[in-house]
Amino acid sequence: MILSLENVSISSREKKIVDNVSLSIQKGEWYALVGQSGSGKSLLSQAIGQMLPPNLQVEGKILFKDEDLLSLSPKQIRTFRGQKLSYIFQDYQGSFTPFRTIGQHFEEYQKAHGIRDAKTRKIKSMDALESVGLDEALYKRYPFQLSGGQLQRVSIAMALLLSPDLLIADEITTALDSVSGHRILELLAKRQKETGCAILFITHDWRHVRRYATRLAVMKEGEIVESGGKHRILDHPQHDYTKQLIQAAPILGRGLPSGLKEVDTYESAYC
Ligand SMILES: Nc1ncnc2c1ncn2[C@@H]1O[C@H](COP(=O)(O)OP(=O)(O)OP(=O)(O)O)[C@@H](O)[C@H]1O
């Protein structure tokens, strides 16, 4: 087990937003979190890395292997993020500082994680760019000189740079056109195969669940209403809300409309 959430609740002063959520993610699996807008998916994922907005409180246990992440100091969790768990967000523009080159982003990220040798940092950066199919010429470019798809590739490269065990991907294709989005997910699946990291994948898109996920949880109004293996849930949903969501996904069917087949990431993650 990589990550285990036990009775996690998130509250503002006014109300409970996430209510008593428990789930666990195994080594190397692709775990999808789906549910309507505002159901608490992003906040739950932010709570894992202590990234919640300051007006929100979290209760419960978030165990990474045996370590309770909620008990780590701000310094400890900063080290943890990047090395053991990392994030990729929908808003790739906001993940980059506009006046710093891609290379400077790689440099700072590695310096912040204690990689002192400049030559090592440069080699790691170049390898990382190559691993996501980007030319090393991009190292000297500024974020605005890259397309959205290229920036998300850089985000993936950076997120996997220090070989984390868990990657949290929060609607990472939402801001991309469908072709770029598809390429990004194929790349992520390939990198997952190569690195063996687990992925917590937040999405609205059931096609992506069918193609990539091994297991999933369905959230509604801050609670998990159903969770389990992908095939069980897609083919035999138990909860009315899950049934509604699946029925509302117009082109889900039993396969992908484009003829794409699902990817067995769970098995491949152990290769
Ligand atoms: N800082 C905050 N203070 C109070 N409420 C908040 C705060 N941030 C988010 N919320 C509320 O918490 C609820 C859950 O938000 P969250 O972003 O986790 O939903 P989500 O399921 O990820 O939605 P989406 O799919 O649209 O991204 C929403 O009603 C949101 O308005």
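No value in this document is a laboratory result; all are computed from the given coordinates. Owing to the predicted nature of the structure, the values given are computational and were not obtained by experimental measurement. For neighbour counting, all protein chains shown are included, and Cβ atoms are generated from backbone atoms with ideal geometry for every residue, glycine included.
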- Task: Can you check how the C-alpha radius of gyration of the stretch 77-200 compares to 2.2 N^0.38 Å, as a plain ratio?
- Result: 0.97
- Here the Cα Rg-to-2.2 N^0.38 Å ratio for the stretch 69-142 is 1.20
- Note on the structure: Across SER45, SER125, SER73, the residue with the highest GNM fluctuation in the chain (Cα network, 10 Å cutoff) is SER73
- Message: Antiparallel versus total DSSP beta bridges in the chain: what percent is that, nearest 5?
- Response: 50 percent
- Across the stretch 163-248, how large is the tail of the calculated P(r) beyond 20 Å, expressed as a percent of all Cα pairs? 38 percent
- Note on the structure: With -39,500 (n - 2.57) per DSSP H segment of 4 or more residues and division by the full residue count of the chain, the 222 nm estimate, nearest 500 deg cm²/dmol, is -10500 deg cm²/dmol
- Under a 10 Å cutoff between Cα atoms, tell me which one of ALA175, ALA157, ALA198 has the largest fluctuation in the Gaussian network model of the chain. ALA175
- Task: Tabulate in residue order the Karplus-calculated ³J(HN,Hα) for the stretch 47-58, using 6.51 cos²θ - 1.76 cosθ + 1.60 with θ = phi - 60°, rounded to whole Hz; enter x for Gly and Pro.
- Result: 4, 4, x, 6, 10, 6, x, x, 7, 10, 10, 10
- Item | Gyration tensor (alpha-carbon) shape descriptor, the chain, a/c threshold 1.5 | oblate
- Query: Based on the Kirkwood radius over alpha-carbon pairs, what value in µm²/s does the Stokes-Einstein equation return for the translational diffusion coefficient of the stretch 141-205 at 25 °C and 0.890 mPa s?
  - Reply: 200 µm²/s
- Message: Placing +1 on the Cβ of each Lys and Arg and -1 on the Cβ of each Asp and Glu in the chain, which of HIS204, SER45, LEU129 has its Cα farthest towards the positive end of the resulting dipole?
- Response: LEU129
- Query: Can you work out D for the stretch 54-94 in µm² s⁻¹ from Stokes-Einstein, where Rh is the Kirkwood radius over C-alpha pairs, the temperature is 4 °C and the viscosity is 1.567 mPa s?
  - Reply: 108 µm²/s
- Arrange HIS236, HIS182 by Cβ neighbour counts within 10 Å, fewest through most, would you? HIS236, HIS182
- Message: For the stretch 1-88, what does the convex hull of the Cα positions come to per residue, in cubic angstrom?
- Response: 102 Å³
- Query: In the neighborhood of ASP68, defined by Cβ-to-Cβ distances under 13 Å, what is the net charge if each Lys or Arg adds +1 and each Asp or Glu adds -1?
  - Reply: -2
